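The values are calculated or read from the model by the stated rules, or taken from the named source; none is laboratory data. Nothing here was measured: the structure is a model prediction, and the numbers come from that model. Don't worry about glycine lacking a Cβ; one is built from the backbone with ideal geometry, like all the others, and counts go over all protein chains shown. All accessible areas refer to the heavy atoms of the entire protein, side chains included, with ligands and DNA or RNA removed. Shrake-Rupley method; radii C 1.70, N 1.55, O 1.52, S 1.80 Å.
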Amino acid sequence: MSDISKEKEIIGQLRGILEESSTKEPDWDNFGRNSTIESLGLDSLTILDLLYDIEEEIGVHLEAKEVLNITTLGELVDLLIKNGA
Amino acid sequence: MNNETSQRTGSARHRVVVTGIGIASPLGVDEKIVWKNLIEGKTGIGPIRAIDTSALKVRNGAEVPEGLAEARLKSMGRRPSDRALDLAVVSAQDALLNAKLISQEQESVPQDVSVIYGTGVGSAESHYKSMQAMFEKGPQRARPTAVPRCMYNAISAGISLQFNLTGANHMVVSACTSATNAIGTAYRMVRDGYAQTALTGGSDGFFDPFFYPVWNNIGVLSKIEDPIEACRPFAADREGTILGEGAGTLILETLESARSRGVPIRGEVLGYGESSDATHLTNPSSEGQAKAMRMALNEAGVSPQDIGHINAHGTATHGNDACESKSIHSVFGDAAADVPVVANKSYFGHTLGASGALECISAFLALEHGISPPNLNIENPDPECRINMVGLEPVPIDSRPVMKNSFGFGGGNGVLVLGPSE
């Protein structure tokens, strides 16, 4: 699978997760690499749920400290690919 | 009052008025629609949609009409999270808008507001989902945010976070008396100068595959299959209560504050009484109930003869209604035969920790309009109760104070005396 299609697949998976679990209504029209973590309704607490769901759905375990400094969805996708997604 | 202190302001007692009302109920999420349904005698009780009830003895409940709360949450940029919290936030937004503390352009409240809120069950949906995940995947795979989501004060905290309310913030948990206890507590805080403005009320949402079947088993739900007929407070042929979900929110503030802000006054809280039966976990005691009623009357400075009508707890179970009518007789004496009594649970169902709030709102709307909604299913009033139940048609009422009763499992009793705007 190419990097681009892999990236699209992961973004789709993340959207599916957020559609299920997010407590805020993200801006789906502009959902993509440039979406900020804040715009997705995630903070230092709710991102823990995202990591939980990522492990369930994508099978990649990320430590909370690894994502603390992430500000965009693109950075999260890169981190997931780096960790074997 | 500035935003940096919630310390008591002086020693004088303040008059406490209601400047905002918000409701998310089985009769709707707009107070005008709720009032229309009350006056037209339309119940919010129906077959339960949220869960599969095919194996249960009782299948009726009062649910907030599908999609209404969800649409309101979406307009706030929120997604459904926990039913009790969601309904509380929706009703809180309406109450704050109604009190002109927020507007469509200004979503953050510019002054200290304390949140004193009630719930009977708390974050039932979050508890159920967390337990479900634990049983399916094991405790090591429990969702991290289960801890804050399952807190009782997730509801008051959620309201505070949504609207930036920076005063006191806590929950009152006392089963079916929760909202009335919360309103009474908030009233005293405002009256005594510990808060200038308080957002109060109650919320419960519990139609999940654990909580509702358990209530089926405790034997107090009506087995009458027709949802319109099922809940019959103070009727001779009553067979039990029907559960409901909902949230009601009121904004209480000092009369001085309301006048200085120039906002309409919807009513006034005149007095509050509370007591504990200390006799049985689930069976009520008329002594404890009467004690709370007398305390509320005394605090309001009124006699039983001054009460224009009673908004009863009226669960429609045999024991509760018989006990409440006995308590009314104990306090009102001969006047008990005359004072009109209305019981709203045939409309909203028994919304447990929200019931006191929804029924207070109904009482304030009745005072505003000078009309009492009819009692549903009261074709055969129980002669043993010997109280003056409003009949099947709305009736005019005067502007004298209303007594609002709430009694709960655990033996807690809460009674409010409510007055008109002036």
Could you give me the residue pairs with C-beta distances under 9 Å whose first residue belongs to segment B:146-168 and is free of Cβ contacts under 8 Å to residues at least 12 places away in the same chain and not assigned by TED's automatic domain parsing to the domain that holds B:Gln196, whose second residue is assigned to a helix (DSSP H, G or I) and among the β-branched types (Val, Ile, Thr) wherever it lies, and which are 6+ apart or on separate chains?
-> none
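Looking only at segment B:251-283, count every residue that is in contact with a Phe, Trp or Tyr (Cβ under 8 Å, 6 or more places away or on another chain) and either open to solvent by 70 Å² or more (accessible area, probe 1.4 Å) or part of a strand (DSSP E or B) (or both) and tell me the total.
Residues flagged as in contact with a Phe, Trp or Tyr (Cβ under 8 Å, 6 or more places away or on another chain) and either open to solvent by 70 Å² or more (accessible area, probe 1.4 Å) or part of a strand (DSSP E or B) (or both) within segment B:251-283 amount to 5.
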When segment B:303-324 is examined, which residues are found to be open to solvent by less than 10 Å² (accessible area, probe 1.4 Å) and within 17 Å of B:Gly411 (Cα to Cα)?
-> B:Ala312, B:His313, B:Gly314, B:Thr315, B:Asp321, B:Glu324
Restricting attention to segment B:354-369, does a residue exist that is under 23 Å from the mean Cα position of the chain (by Cα) and surrounded by fewer than 20 Cβ atoms within 10 Å (Cβ to Cβ)?
-> yes
Can you find a residue in segment B:227-244 that is modelled with pLDDT under 95 and either over 22 Å from B:Tyr347 (Cα atoms) or in a loop (DSSP other than H, G, I, E, B) (or both)?
-> no
Those residues of segment B:204-227 that are among the acidic types (Asp, Glu) and loosely packed, with under 15 Cβ neighbours inside 10 Å come to a total of 2
Before we move on, is A:Leu18 free of Cβ contacts under 8 Å to residues at least 60 places away in the same chain, within 25 Å of B:Ala146 (Cα to Cα) and within 12 Å of chain B (Cβ to nearest Cβ)?
-> yes
Any hit, segment B:296-311, residues being under 25 Å from B:Glu31 (Cα atoms) and in contact with an Asp or Glu (Cβ under 7 Å, 6 or more places away or on another chain) = yes
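Can you tell which of A:Thr46, A:Thr36, A:Thr72 is more than 14 Å from chain B (Cβ to nearest Cβ) and crowded, with 17+ Cβ neighbours inside 10 Å?
On the way: A:Thr46 fails: more than 14 Å from chain B (Cβ to nearest Cβ); A:Thr36 fails: crowded, with 17+ Cβ neighbours inside 10 Å.
A:Thr72 is the lone residue from the list that is more than 14 Å from chain B (Cβ to nearest Cβ) and crowded, with 17+ Cβ neighbours inside 10 Å.
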Entirely in segment B:1-111, the strands (runs of 3 or more DSSP E) that have 3 or more residues that are surrounded by 24 or more Cβ atoms within 10 Å (Cβ to Cβ) | B:16-24, B:60-62
What about B:Gly273, is it in contact (Cβ under 8 Å) with a residue 24 or more places away in the chain and not assigned by TED's automatic domain parsing to the domain that holds B:Arg400?
-> no
Read through the list (1) open to solvent by 10 Å² or more (accessible area, probe 1.4 Å); (2) farther than 20 Å from B:Leu250 by Cβ; (3) in contact with a Ser or Thr (Cβ under 6 Å, 6 or more places away or on another chain), then give the number of the only condition that B:Ala230 fails.
-> (1)
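Are any residues in segment B:128-145 free of Cβ contacts under 8 Å to residues at least 24 places away in the same chain and part of a helix (DSSP H, G or I), and if so, which ones?
Scanning segment B:128-145 gives B:Lys129, B:Ser130, B:Gln132, B:Ala133, B:Met134, B:Phe135, B:Glu136, B:Lys137, B:Pro139, B:Gln140, B:Arg141.
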Would you check which residues across segment B:135-152 are facing chain A (nearest Cβ under 9 Å) and either of a type in the set (Val, Ile, Thr) or over 18 Å from A:Asp53 (Cβ atoms) (or both) and list them?
-> B:Thr145
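Per-residue answers, yes or no, for (1) within 23 Å of B:Glu31 (Cα to Cα); (2) of a type in the set (A, V, I, L, M):
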{"site": "B:Lys57", "(1), (2)": "no, no"}
{"site": "B:Glu63", "(1), (2)": "yes, no"}
{"site": "B:Gly67", "(1), (2)": "yes, no"}
{"site": "B:Leu101", "(1), (2)": "yes, yes"}
Options B:Gly193, B:Gly184, B:Gly201; residue that is assigned to a strand (DSSP E or B) and open to solvent by less than 10 Å² (accessible area, probe 1.4 Å) = B:Gly201
